[in-house]
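Below: one structure, written as C-alpha cells.
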Amino acid sequence: MNGIHRIVILGGGSAGWMAACLMAQRWLGKHAARPVEITLVESPAIGIIGVGEGSTPQLKAFFDRLDIAEADWMLACDATYKLGIRFHGWSERPGFERYFHPFPSAIDVHTQPHFQRACALQRGGTAAPAHPDRWFLPTALADAKLGPHADRRFPFDLSYGYHFDAHKLGAYLRDQATAKGVRHLERRVIEVEQAESGDIAALLCEGGERIEGDFFIDSSGFAAVLAEKTLGTRFLPFAENLFNDRAVVLPTPAATDGMPIATSATALSAGWAWSIPLTSRTGNGYVYSSSHLSDDAAETELRRHTGTLDGLVEARHLRMKVGRLEDSWRSNCLAVGLAQGFLEPLEATALHIVLATVEEFIAAYEAGGFAAQHRGAFNTRIARRYEGIRDYIVAHYRLNQRGGEYWREAAAMDTLSDDLKALMTTWFTGQDMNATIQRLDIARYYSNLSWHCLFAGYGSFPDQSKLREGAYRFDLSKAADFLDRAALNFASHDVQLTSFRTHQSSCKIGL
Ligand SMILES: Cc1cc2nc3c(=O)[nH]c(=O)nc-3n(C[C@H](O)[C@H](O)[C@H](O)COP(=O)(O)OP(=O)(O)OC[C@H]3O[C@@H](n4cnc5c(N)ncnc54)[C@H](O)[C@@H]3O)c2cc1C
C-alpha cells in the first residue's frame, strides 16, 4: 500500500466515525488489499458538537454500504424517516407562504414534466397550477404522515433520508467501527509534530503519549487542529452571502399526534428555525445572524416559536464558522466534517458532504496507488460540491419575499456566483432551466426538480394580477388522483416506525 500502514483519525464526532466506518469497511479485514491500522483519537472532555440530526438520502446509501439494517440503527438512534423539507414563511406572496422540497424519486417522471410545463407557462405570464406541492408523491405522503416504504407490489422505490439523535448516532458508529477493528483512544491532543517535508508525523497527547501515523484525517470539528492550524490551509469564508453565524438549540417533547416525516424550516426575523422530529424528542434550533439579532433576542424568539417561554428547558448557544478550506486534502491529511467546512444546515447537507468526501477520497487514493496523484482533481471536485450546495442555499435568501431588514438585505445581495446568476437569468427570462443546469454541470448537487421547487415554491412568477388565462388546460384532478392512488400503497409513518419494535421483540421471542 505504498507505505501507508497507519491511518490516524483525530475526532470522534459523526464525521470521524463515519470516516472510520467507511475506511475500515474498505481497508481493514480479510478482504482488504493490504490491511492498514486505523486509530481514532478523541477527547471526551472537549466533546462533540452534538447537533446535525437531519440527513439526505446519502445516509441511506451509507448504511446500505455498511450492510446495516434500518431496524437496527434507527431504533438505536431514535430515528424517523424524512421525505423532504417543508419551508414556511420564506415568501409572503399569497398562495406561496409554504412549500415542500421533496427528495427526487423515480416516480416523479409521471408528474414532473407537467409541473415544469405549468412553471414555464406561469413564468411566461399565463396562469397555471405552478405550486410544487400539488405535484409530488413525497409531498402527499408527508401531508398524510405516511412512511416511505411501499407495499411490495408498488413498482417504485422512494428516495428518503432520516432524522436521528446525533449523540446516539456517534455512539452507534463507534461500536460499528471498533467492531471492524478500528482502535479507539480517548486522549486530548495538545501538539502536532511535523516531518521536515511538512507532512504530519505524530499527535502528541496530554500525558506525553505520541501517536504516529502515515496518513491523518482531521475531523476535529470547528477547531480544525490538523488541516488549518497545523498545515495552515486557508479557510475561505462564505460570509458575504450567507450571513448566519450563530445558532441556538433546545428540545421539545416528541410529537404525539402522528410523527411528522419532514424537517420544517420556518423563516423568523433574522434567520430560520428548524424542527426535527425524533421518536424521543423534537429537536429545534434557530440559525441567525449575530449582526442582526443578539443571542438573548434569538433565544426568546425561538422560545416563542416553540412554546417554551417558561424557560423550563435549557437552550444551547453555538457559533458557526461558515465557509470551506481551500483544499480538503493537503499533504498527508484529509479534512472531513466541520474541520473541512460548513454550510448552514438549511438543506441538511453536512453529513452528505462528509460521506461524499470520504467515498471520493477512498476512490482517488486507491486510483493513485495510495499516493497523492489525484489530490488536485479531488480537491477541485470537493470545492465544486461546496459551491454547488452553497448556491442552492444562497438562492433561498436571494429569492425570499419577506419583509424586515434582514430579509430585505438578503434579497438585495449582489455577490452571487456566476452559476447562480445564470440560473436566475434563465428562470426570469423564461429560458430552459434544464439546459442551463446541464451546461453548468451542477445537476449532481441539485437537480432540475429541486431548482424548480425552489423558484416556484417562493412564487417567483409575474404578479398574479398580470397573469393571462391560457389555452393550455391542466387537469389537476388527474395528478391528484394519481398521487392519491399511489399513496394507498403506503402505511403510516408511525406504523412503519413501530414495525421495527415489533420486529425486534419477535426476534427476541424467537430466541
Ligand atoms: C447548528 C447546526 C446544525 C446542524 N444541522 C445539521 C443537519 O441537520 N444535518 C447535517 O448533516 N449536519 C448538520 N450540522 C453539521 C453537523 O453537526 C456536523 O457536520 C457533524 O456533527 C459532524 O461534526 P464533526 O464530527 O465534524 O465535529 P464534532 O462533532 O465537533 O467533533 C469533533 C471531534 O474532535 C475532537 N477533538 C477536537 N479537538 C481535539 C483535540 N485537541 N484532541 C482530541 N480530540 C479533539 C472532539 O472531541 C470531537 O470528538 C449542523 C451543524 C450546526 C452547527
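Read-outs: derived from the displayed coordinates by stated rules, not from any lab. What you see is a predicted model; the values in this text were computed from it and never measured. Cβ atoms come from the backbone with ideal geometry, glycine included; neighbour counts cover every protein chain shown.
With all pairs of separate Cα atoms included, the chain yields a Kirkwood hydrodynamic radius of 24.2 Å. Modelled spin-label separation between Glu366 and His305, with each label point placed 7 Å from Cα along the Cα-to-Cβ direction: 4.2 nm. Packing around the peptides 395-401, 159-165, 489-495, taken as the average count of other Cβ atoms within 10 Å per residue, puts them in this order, highest first: 159-165, 395-401, 489-495. Each residue of the stretch 353-360 was assigned a 3J(HN,Hα) from its phi angle through the Karplus curve 6.51 cos²θ - 1.76 cosθ + 1.60 (θ = phi - 60°); the sequence is 5, 4, 5, 4, 4, 5, 5, 5 Hz, with glycine and proline shown as x. In the stretch 247-319, one over the average inverse separation of all distinct C-alpha pairs is 12.4 Å, which is the Kirkwood hydrodynamic radius.
Here the stretch 340-457 yields Rg over Rh of 1.04, to two decimals, using C-alpha coordinates and the Kirkwood radius. In terms of surrounding Cβ atoms within a 10 Å radius of their Cβ, Glu314, Glu209, Glu299 rank from fewest to most as Glu314, Glu209, Glu299. Eigenvalues of the alpha-carbon gyration tensor of the stretch 218-340, scaled by 5 and square-rooted, set the equivalent ellipsoid semi-axes at 32, 17, 12 angstrom, largest first. For Lys145, list the lysines whose Cα falls under 19 Å from its own Cα; do not include residues on the same chain fewer than 8 positions away. Hits, sequence-local ones excluded: Lys82. In this structure, the amide hydrogen of Leu185, modeled 1.01 Å from its nitrogen in the peptide plane, lies closer than 5 angstrom to those of Leu40, Val41, Glu42, counting only residues at least 5 positions away or on a different chain.
For Trp272, the residues whose amide H sits under 5 Å from its own are Val287, ignoring neighbours fewer than 5 places away on the same chain, with H placed 1.01 Å from N. Full extension of the chain between Val495 and Val313 yields a length gain of 62.6 nm, computed as 0.36 nm times the residue separation minus the alpha carbon distance.
In this simple spin-label approximation, Thr252 and Lys466 carry label points 7 Å from Cα along the Cα→Cβ vector, and these lie 3.9 nm apart.
Each part gets one Cα centre, and for the stretch 86-147 versus the stretch 431-457 those centres are 14 Å apart. Counted residue by residue at 0.36 nm each, then reduced by the alpha carbon distance between them, the extension gain from Asp295 to His88 reaches 72.3 nm. Only helices enter this figure: runs of n ≥ 4 DSSP H residues, each worth -39500 (n - 2.57), summed and divided by the residues of the chain, yield -11000 deg cm²/dmol at 222 nm to the nearest 500.
Give me the number: length gained by fully extending Ala411 to Glu212, i.e. 0.36 nm times residue separation minus the C-alpha to C-alpha distance, one decimal in nm.
Full-extension gain reported as 66.6 nm.
Sorting Asp418, Asp214, Asp432 by the number of Cβ atoms found within 10 Å of their own Cβ, with the fewest placed first, yields Asp418, Asp432, Asp214. Applying 1/(1 + (r/R0)^6) with R0 = 60 Å to the Cβ-Cβ distance of Arg183 and Asp475 gives a FRET efficiency near 0.45. Here Asp199 and Arg234 are evaluated by their C-beta separation; at R0 = 25 Å the FRET efficiency comes out at 0.85.
Take 128-134, 112-118, 8-14, 19-25 and order them by the average number of nearby Cβ atoms within 10 Å per residue, most first; the result is 8-14, 19-25, 128-134, 112-118.
For Ser264, the residues 5 or more places off, or on other chains, whose built amide H falls under 5 Å of its own are Arg86, Ser275. Highest average first, the peptides 264-270, 307-313 ordered by how many other beta carbon atoms sit within 10 Å of their residues are 264-270, 307-313. Karplus-derived 3J(HN,Hα) values for the stretch 255-263, using 6.51 cos²θ - 1.76 cosθ + 1.60 with θ = phi - 60°, are 4, 10, 10, x, 6, x, 10, 8, 7 Hz; glycine and proline are entered as x. How high is the FRET efficiency from Thr425 to Arg152, r the C-beta distance, R0 45 Å, rounded to 0.05? Efficiency at R0 = 45 Å is approximately 0.45.
Computed 3J(HN,Hα) for the stretch 8-18, one whole-Hz value per residue from the Karplus formula 6.51 cos²θ - 1.76 cosθ + 1.60 where θ = phi - 60°, is 10, 9, 9, x, x, x, 4, 5, x, 6, 5, glycine and proline marked x.
Each of Glu92, Glu196, Glu360 was scored by other Cβ atoms within 10 Å of its Cβ. Listed from fewest to most, they are Glu196, Glu92, Glu360.
Residues of the stretch 128-151 with an amide N closer than 13 Å to a point placed 7 Å from the Cα of Arg98 along the Cα-to-Cβ direction: 133, 140, 142-145.
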